[in-house]
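Chemist: Below you will find the structure I want to go over with you.
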Amino acid sequence: MAKRLGEVALEDLYKAGGSTISIEEATHIYQAIAASKASDPDPRRVWKEVVSRRVLKPWHPHHLHQLVYYSVYAIWDVSINGPPLYWFPSLDESKITNLGRIMEIHGPKLLGTSYKDPIESFSLFLKFSVHHPETYWSIVLEELSVVFQKSPSCILDNSNKLKPSGAWLPGAVLNIAECCLLPSTHPTKEDNSCALVWREEGRDDLDVNRMTLKELREQVTVVANAVDATFSKGDAIAIDMPMTVSAVVIYLGIILAGCVAVSIADSFAAKEIETRLRVSNAKAIFTQC
């Protein structure tokens with residue numbers, strides 16, 4: 001069980017910081033957290049204050065971040081309040097998220113005058129989504145450009161009492177890679193929209209790379225055509241590669257071809273790789289020298 005915020009001593013912070021922080025910096029963190037708690041004991045507001053004041057830095061060890069976060073929320077009742085909040089977007093930031101955009105477009109119609117904005121009306125909109133799954137998920141599927149090769153008979157089928165959670169999208173057939181790659185009326189999913197952003201591993205001195213949706217689709221199609229010409233739909237194809245842009249292209253290509261992608265960590269030893277290939281009955285493997 002995590003220590004409560006008042007139980008975390010300066011020594012705890014200094015120890016969690018390892019060799020990356022000095023005792024002076026640990027003292028600054030300790031004092032900043034204490035000041036945040038003194039101004040408002042609500043864990044959500046304490047953590048929000050810690051984040052907004054940038055008390056913790058990106059280069060601080062993960063263990064230090066965890067120590068502060070879990071001590072702030074030590075008395076948080078998940079069963080009542082849900083998961084403890086980590087990120088607090090501004091109103092403008094919330095409006096450009098997928099959910100925020102959906103809420104801004106459909107919230108006034110679905111919630112009437114009760115709708116205010118994506119932050120203030122989040123709980124109300126969540127409640128609506130639970131009680132009206134057909135309406136909510138129909139909107140979400142359309143907004144996310146999910147295209148079915150065979151449409152579902154409904155959104156949620158609760159007719160089978162042996163399945164208390166129901167059956168979602170019964171009868172539906174789709175290829176999720178196809179949904180990812182096709183342009184749509186979505187305002188940020190045109191052919192020239194940015195689809196991937198990455199930097200070569202270990203080369204922080206280089207510029208960030210970008211790939212458009214059209215470029216990604218072209219590269220994925222090459223892989224998919226090669227897989228489709230060699231294997232049958234449903235065959236398992238393994239990938240044993242680091243998380244590079246090539247691995248992303250290959251993964252989507254396997255799915256687009258109708259095969260099953262078997263992900264294998266590139267850190268695995270030969271014996272572990274052999275086991276996963278055997279268990280999955282993989283017909284081939286993508287790797288790199």
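The values are calculated or read from the model by the stated rules, or taken from the named source; none is laboratory data. Worth saying up front: this structure is predicted, and the values here are computed from it rather than measured. Every residue, glycine among them, receives a Cβ derived from its backbone with ideal geometry; neighbour counts consider all protein chains shown.
Chemist: Given (1) surrounded by 15 or more Cβ atoms within 10 Å (Cβ to Cβ); (2) closer than 19 Å to L174 by Cβ, identify the lone condition not met by F286.
Modeler: In the conditions (1) surrounded by 15 or more Cβ atoms within 10 Å (Cβ to Cβ); (2) closer than 19 Å to L174 by Cβ, F286 misses (2) alone.
Chemist: If you don't mind, there's one more thing I want to ask. Of all residues in region 85-106, count the ones that are modelled with pLDDT of 90 or more and surrounded by 14 or more Cβ atoms within 10 Å (Cβ to Cβ).
Modeler: 9
Chemist: For region 23-31, check the following and say yes or no: at least one residue is β-branched (V, I, T) and in contact with a Phe, Trp or Tyr (Cβ under 8 Å, 6 or more places away or on another chain).
Modeler: Scanning region 23-31, I find at least one residue that is β-branched (V, I, T) and in contact with a Phe, Trp or Tyr (Cβ under 8 Å, 6 or more places away or on another chain), so the answer is yes.
Chemist: Taking region 234-251 only, how many residues are within 23 Å of L182 (Cα to Cα), modelled with pLDDT of 95 or more and part of a loop (DSSP other than H, G, I, E, B)?
Modeler: 1
Chemist: Let me ask another. State whether one or more residues within region 68-75 are of a type in the set (G, A, S), at pLDDT 90 or above, in a helix (DSSP H, G or I) and within 30 Å of the chain's Cα centre (by Cα).
Modeler: Yes, because at least one residue in region 68-75 is of a type in the set (G, A, S), at pLDDT 90 or above, in a helix (DSSP H, G or I) and within 30 Å of the chain's Cα centre (by Cα).
Chemist: Given (1) farther than 27 Å from I285 by Cα; (2) surrounded by 14 or more Cβ atoms within 10 Å (Cβ to Cβ), where does N192 come up short, assuming only one miss?
Modeler: So the condition that N192 fails would be (2).
Chemist: For region 150-159, indicate whether the set of residues that are under 24 Å from the mean Cα position of the chain (by Cα) and not charged (D, E, K, R) is non-empty.
Modeler: So far as region 150-159 goes, yes, one or more of its residues are under 24 Å from the mean Cα position of the chain (by Cα) and not charged (D, E, K, R).
Chemist: Can you find even one residue in region 40-57 that is more than 29 Å from the chain's Cα centre (by Cα), within 25 Å of I119 (Cα to Cα) and at pLDDT below 85?
Modeler: Yes, there is a match, as at least one residue in region 40-57 is more than 29 Å from the chain's Cα centre (by Cα), within 25 Å of I119 (Cα to Cα) and at pLDDT below 85.
Chemist: Please name all residue pairs, on different chains or six or more residues apart, with Cβ atoms under 9 Å, provided the first residue is in region 234-245 and is in the same structural domain as L256 (by TED's automatic domain parsing) and the second residue is modelled with pLDDT of 95 or more and acidic (D, E).
Modeler: Pairs that qualify, where the first residue is in the same structural domain as L256 (by TED's automatic domain parsing) and the partner is modelled with pLDDT of 95 or more and acidic (D, E): there are none.
Chemist: If only one of I273, I254 is within 19 Å of V173 (Cβ to Cβ), assigned to a helix (DSSP H, G or I) and not charged (D, E, K, R), which one is it?
Modeler: I254
Chemist: Another question, if that's okay. Go through (1) within 28 Å of K283 (Cα to Cα); (2) surrounded by fewer than 14 Cβ atoms within 10 Å (Cβ to Cβ); (3) acidic (D, E) and name the single condition D228 misses.
Modeler: Tallying (1) within 28 Å of K283 (Cα to Cα); (2) surrounded by fewer than 14 Cβ atoms within 10 Å (Cβ to Cβ); (3) acidic (D, E), D228 fails exactly one: (2).
Chemist: Assess whether K109 counts as being at pLDDT below 85, in a helix (DSSP H, G or I) and of a type outside the set (D, E).
Modeler: Answer is no for this residue.
Chemist: Still on this structure, please answer the following. I need a count of the residues in region 112-145 that are part of a loop (DSSP other than H, G, I, E, B) and either under 28 Å from N158 (Cα atoms) or in contact with a Gly (Cβ under 9 Å, 6 or more places away or on another chain) (or both).
Modeler: Here the count works out to 9.
Chemist: Report the residue count in region 190-222 for those that are within 18 Å of M243 (Cα to Cα) and in a strand (DSSP E or B).
Modeler: Result for region 190-222: 7.
Chemist: I've got another one for you. Scan region 257-270 residue by residue and report those that are out of contact with any helix residue (DSSP H, G or I) (no Cβ under 8 Å at 6 or more places or on another chain) and either in a helix (DSSP H, G or I) or more than 25 Å from E201 (Cβ to Cβ) (or both).
Modeler: Selection gives A270 alone.
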